[in-house]
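The structure under discussion appears below in the form of structure tokens.
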Amino acid sequence: MGIKGLQGFVARVCPDACKTVDLREVAEKHRIDHPDFPPVIVVDAMSCVRYWYTPESWVCGGQWREYLAILEDFIKAFMAAGIKLVFYFDGVVEEKKRDEWIKRRLQNNKEIARIFQFIKTHRKQPGREMFIVPSALPTFTRFALKSLGQKTVCTLQEADFEVAAYGLQHNCIGILGQDSDYLIYNTCPYFSIEKLSLDRLVTVMYSREDLCHALGLSLTHLPLFACLLGNDVVPESLLERFWRKCLVTSPHKNNSYNRRTNILLAVANYISKVPCSYSSLKHLEEMLPLGSDKTLLHRGVESYLLPGQQSPWIPPNLTSCQTFSLQQQTAVCQDKEIFQLAKEQHIQSENYTIFNILSKGEIECSNSLEDECDTEIPGQALIYRPARQHIYSVLLESGKGGAYPLVKEWFVYFGNPLQQPELIQPVQPSMPGGTPNLKTLWFAKGPDVEKQRCSTFLACFHLQDRMEELQALEAPVAAFCCLLAYLMMQVSSLSLEDLNAFVAVILCLKGKSAAQLAGLQLAQVDSRGVHLGAVFVRGLTTLLMANSACGFPFRMDDLMPWEVFDGKLFQEKYQQSHQGCSLEELLEGNESLYTPFQNLKSFICKACTAKKRTIQSRPRGNGFITGTQQREFNPRFQQTHRSSFVPPYHNQMRGFLWRNPQPQGKKY
């Protein structure tokens, strides 16, 4: 979270603390000083994603191939300078930060409502000043960087602490991010992602020493300074009276500064006169209205101490260096082997959310670009909940002699005030003989186990009867069909036109480069198409979760959005389909796609019919609901009734081999 106003304060009031640096020169100096250790920058990826996402379109669901190319260029620029990057991602939301997380999510809801209002009014994407990152961008960024060969770490506690600790312990040349907490930690230099000029590898370094000099403080003062300004441990609401007292006695008060700037100067002035001792800290704790928790300041200062560091504010015997606090004994999962593997895969960014469920029985999902006014499409959190309940059942394996533990969900959707987590009951998927146990799914080998992994995965999406047909498809297409069939079953308002648009996307996406997709121009943007794009992308994260739980029947790379989806392309196909265009136009004149189109569509329709769900035609014309009237649609779009299923893309590697490498040169 950082300290409110500190980054701007440094830029405005302490310009000497903002130094322009050439990262090539920094790296070269490091090589001279440490010839045996290559220069490394540790990257706080969560604070960088909004700067990395530069494709022009951001509302339609994500320009994933463009984004992947951008990340590749980012990595290449540093590699060319001989700089190694290590990327860190938040793997948890710590309890102390939950209130702030909720506050931000509710604020994001308001921003998203304004975005949809703009789209409906102007039928186009808002300007960058209203930008929010596409749904699930941090999740897929993590897997993208890993697929590009980068060291990618998912944290067990707050990322800023682990980033600062890694930077210090590995003698990194700096931290790249945008979080003022890096001005407080006593670690390696802090470089700005916001100010980075990638082509020149020049950015701004924020100097702690120069900040201290400007404020009349020492480095050991900074953790207390951060706490007395309000941070993740000490809420600002407890500090208002203290700030007023500081402002009265401050010699630095300047009417040309805003109130926050004057508070920063006044608090620094106050601290500079306080002796650096534990008794001073205790006196401050007594003075502040901390309520029943008089150790807040102690804990706040301690939260900035990295492994091996001490502070004059806290005696050594009272310093408990932060480590991952959750022990195996307190975890939901009591099997040491499973717990350890889940933990290793979590840290190495190989699984998705599984460790959070097995350790704390808790999971969260941030905002998605969903239209709260569209009552026909439930929140994605609710659409995918039945699948998640099956995944929880696979992971928590009760049902075999005990009650399932409930899973705490913090999922953002319209109507959820987020005052407390929702307690969700795991539900066993329907499988003959029940679901295999987790040890079998994760550790056993052989074709029978491969089959069990696949059938368990499909059962989470109510498709266990469709295994043979899906096995005939290339992996990304099979995964796409799983998700689309599940989506069509769960959301009764989805129409044949919606189905046609989704199927056209995966067929037309094949072979399109990032540059071709970037060049695609939309005459207008449809708000319902925006909503469906976000729902689909969130569905891909549900596939990741199921794949992780079931022992990876798919390679994770085959479930990535750049394999199966593009936001602008979907928006184009959605509008074409609802406006009643011909199949020829929908499939861009490529006759070789006609049969695959009908086959994939036939598969989805048959899967839905088996669950007593009939998909109706419901064209919305130029973006407006046309009511219940049915109109004649291009006959090529009508459901085909085939006696046998002919797969559109044959999997040349037969059997249960989705997760094995596909033949070279054949993506689908």
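The values are calculated or read from the model by the stated rules, or taken from the named source; none is laboratory data. Model, not experiment: these values are computed from the prediction. Ideal geometry is used to build each Cβ from the backbone, glycine not excepted, and the neighbour counts take in all protein chains shown. These accessible areas exclude ligands, DNA and RNA; they are computed on the full protein's heavy atoms, side chains included. Shrake-Rupley method; radii C 1.70, N 1.55, O 1.52, S 1.80 Å.
Residues in the stretch 591-619 that are in a helix (DSSP H, G or I) and basic (Lys, Arg): how many?
Of the residues in that region, 2 qualify.
Table: residues versus (1) closer than 29 Å to GLY533 by Cα; (2) at pLDDT 95 or above; (3) open to solvent by less than 30 Å² (accessible area, probe 1.4 Å).
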position: THR330; (1), (2), (3): no, no, no
position: ILE347; (1), (2), (3): no, yes, no
position: ILE363; (1), (2), (3): yes, yes, yes
position: GLU372; (1), (2), (3): yes, yes, no
position: GLY379; (1), (2), (3): yes, yes, yes
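Identify all residues within the stretch 558-587 that are open to solvent by 10 Å² or more (accessible area, probe 1.4 Å), farther than 15 Å from VAL537 by Cβ and touching a residue at least 40 places away in the same chain (Cβ under 8 Å); write none if there are none.
GLU572, GLN575, GLN576, GLN579, GLY580, CYS581, SER582
Could you say which residue among GLU588, GLU584 is more than 18 Å from ASP498 (Cβ to Cβ) and outside any helix (DSSP H, G or I)?
Only one candidate passes the filter, namely GLU588.
Just for helices (runs of 4 or more DSSP H) wholly inside the stretch 426-499: which have at least 1 residues that are touching a strand residue (DSSP E or B) at 6+ places or on another chain (Cβ under 9 Å)?
475-490
Against the condition closer than 30 Å to ARG65 by Cβ and in contact with a helix residue (DSSP H, G or I) (Cβ under 6 Å, 6 or more places away or on another chain), how does SER135 come out, does it pass?
Taking the combined requirement at face value, the residue satisfies it.
Among (1) within 27 Å of LYS97 (Cβ to Cβ); (2) without any contact (Cβ under 8 Å) to a residue 24 or more places away in the chain, there is one condition LEU224 misses while meeting the rest; what is its number?
It is condition (2) that LEU224 fails.
Among the helices (runs of 4 or more DSSP H) lying completely within the stretch 213-314, list those that include at least 1 residues that are open to solvent by 50 Å² or more (accessible area, probe 1.4 Å).
The helices (runs of 4 or more DSSP H) meeting that bar are 240-249, 259-272, 278-287, 296-302.
Scan the stretch 6-38 for residues that are under 15 Å from ARG200 (Cα atoms), touching a residue at least 24 places away in the same chain (Cβ under 8 Å) and either part of a helix (DSSP H, G or I) or not hydrophobic (A, V, I, L, M, F, W, C) (or both) and report the count.
Qualifying residue count, the stretch 6-38: 6.
Residues that are open to solvent by 10 Å² or more (accessible area, probe 1.4 Å), over 23 Å from the mean Cα position of the chain (by Cα) and over 23 Å from PRO619 (Cβ atoms): does the stretch 479-497 have at least one?
no
Restricting attention to the stretch 39-62, and to residues there that are in a helix (DSSP H, G or I) and farther than 14 Å from TYR190 by Cα, which single residue is most open to solvent (accessible area, probe 1.4 Å)?
ARG50
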